[in-house]
Amino acid sequence: MIKLLLVTGDINPFNELISRLGEYDDVKLEFSASGEKALEWIASKIPVDLVIADEHLGDMTGLEFVRRLLKINPMVDSAVVSRLGHDEFHEASEGLGIMAQLPATPGREDAERLIRSISQIKGMLV
């Protein structure tokens with residue numbers, strides 16, 4: 001079972017991603033409306049394999065969320081929505097171990113890429 005946590009205050013841009021993730025039998029998707037609540041969730045030792053963070057979470061940015069996540073549990077993989085260009089994003093996120101940069105409206109292909117990557121990391125096939 002792959003456990004994902006989507007952190008966003010607005011799930012509408014994620015509808016296609018959520019729809020595709022829902023097609024996997026071995027994927028469980030949870031939601032958090034704020035960065036603080038998601039960090040509390042992870043700090044309480046509820047298992048999460050991958051966190052997908054929106055660019056702006058209301059209480060912090062997606063990159064700030066990942067910085068704080070690393071201090072709580074550096075073993076949780078992350079993907080972050082960002083409108084920055086590839087090089088700008090790489091520079092802004094360097095050292096954070098972010099698995100993927102996602103577009104503002106992630107789609108089916110993004111979901112498939114994330115599941116492939118996390119499955120390889122976990123050493124399993126979905």
Checklist entry - Whole-Hz Karplus ³J(HN,Hα) for the stretch 85-100, in order, using 6.51 cos²θ - 1.76 cosθ + 1.60 and θ = phi - 60°, x for Gly and Pro? => result x, 3, 5, 4, 5, 4, 5, 5, 9, 4, x, 8, x, 6, 6, 7
Checklist entry - So what's the gap between the Cα centers of the stretch 86-126 and the stretch 58-85, to the nearest angstrom? => result 12 Å
Checklist entry - What net charge is computed for the residues neighbouring Ala43, neighbours being all others with C-beta under 14 Å from the C-beta of Ala43, Lys and Arg scored +1, Asp and Glu -1? => result +2
Checklist entry - Which value, to two decimals, describes the C-alpha radius of gyration of the chain once divided by 2.2 N^0.38 Å? => result 0.96
Checklist entry - In percent, what relative contact order does the stretch 2-122 have, based on Cα pairs under 8 Å that are 6 or more apart in sequence? => result 30 percent
Checklist outcome for this item: For the stretch 21-126 the trypsin sites (Lys or Arg not before Pro) that pass both the DSSP coil test and the at-most-16 other-Cβ-within-10 Å test are Lys45, Arg83
Checklist entry - Tell me which aspartates and glutamates have Cα within less than 14 Å of Lys122's Cα, excluding those fewer than 8 residues away on the same chain? => result Asp26, Asp49, Asp77
Checklist entry - What is the local net charge at Lys3, summed over the other residues whose Cβ is closer than 13 Å to its Cβ (Lys, Arg +1; Asp, Glu -1)? => result -1
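No lab work stands behind these numbers, since they all come straight from the coordinates. As the structure is a computational prediction, the values presented were derived from the model and not from experiment. Here the Cβ is made from the backbone with ideal geometry for all residues, glycine too, and neighbour counts use every protein chain on show.
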